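Following: one structure in structure tokens, then a few remarks.
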Amino acid sequence: MPIDRSSPAMFGQHVSRRGLLRTTVAIAGLALLADLAGPLSAVAADDGVASFTQLSEFLTGYTLDPVLGGRFLAALKKRDADLDASMAALSSLIKQSGVPNMDGFLALSGTDPALMKTATKIVSAWYLGVVGEPEDAELITYADSLMYRPTKGLLTIPSYGPGPNAWGPKPGSKI
């Protein structure tokens, strides 16, 4: 039996090209507005991650992954409410001093110990891949931690320990 394509009961109302075009443009406009709303709220977060990653690159001397930077920043902020202010002061000191690298920064005399502590936290996080003390340590990365970068391509990153009790007893414990 041949299909009667002109029957509105079978295929619904006839759609004009203009109507289809208007609907398409309206949906695209709504999608664009929805798409813009997300990035606008994320711009501030991206700026924070970008400045953290830039500071981290100065402190470590390596080009770093901003995705990991965002994870490290979030973990560090959970443990230090004043991290933003400390990072701003540290960045300001680095810019004012005009030192070219971390060695120059370490050679500065009279640096505020709190700023050195902030720098140490950031460098430690990137090198170890962990943020926090053992009680509340948060693993951010293992294989991409900076401690493995000097031997990258020469040594395989360890993926398991050599066996039970391989690390030995805790310091100060009795065997």
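The values are calculated or read from the model by the stated rules, or taken from the named source; none is laboratory data. What you see is a predicted model, and the numbers here were worked out from it, not measured in a lab. Virtual Cβ from ideal backbone geometry, glycine too; neighbours counted across all protein chains shown. Heavy atoms of the whole protein, side chains included, go into the accessibility calculation; ligands, DNA and RNA do not. Shrake-Rupley method; radii C 1.70, N 1.55, O 1.52, S 1.80 Å.
For the range 127-141, a residue qualifies if it is farther than 12 Å from residue 79 by Cα and open to solvent by less than 100 Å² (accessible area, probe 1.4 Å), and the qualifying residues are 127, 128, 129, 130, 140, 141. Kindly provide the set of residues from the range 51-75 that are under 10 Å from the mean Cα position of the chain (by Cα), open to solvent by less than 60 Å² (accessible area, probe 1.4 Å) and touching a residue at least 12 places away in the same chain (Cβ under 8 Å), ordered by number. Correct list: 52, 53, 64, 68, 69, 70, 72, 73, 75.
Do we have residue 122 as modelled with pLDDT of 95 or more and either among the β-branched types (Val, Ile, Thr) or open to solvent by less than 100 Å² (accessible area, probe 1.4 Å) (or both) here? It is true that residue 122 is modelled with pLDDT of 95 or more and either among the β-branched types (Val, Ile, Thr) or open to solvent by less than 100 Å² (accessible area, probe 1.4 Å) (or both).
Residue count for the range 77-120 satisfying the condition of being closer than 12 Å to residue 55 by Cα and either of a type in the set (Lys, Arg) or assigned to a loop (DSSP other than H, G, I, E, B) (or both): 2.
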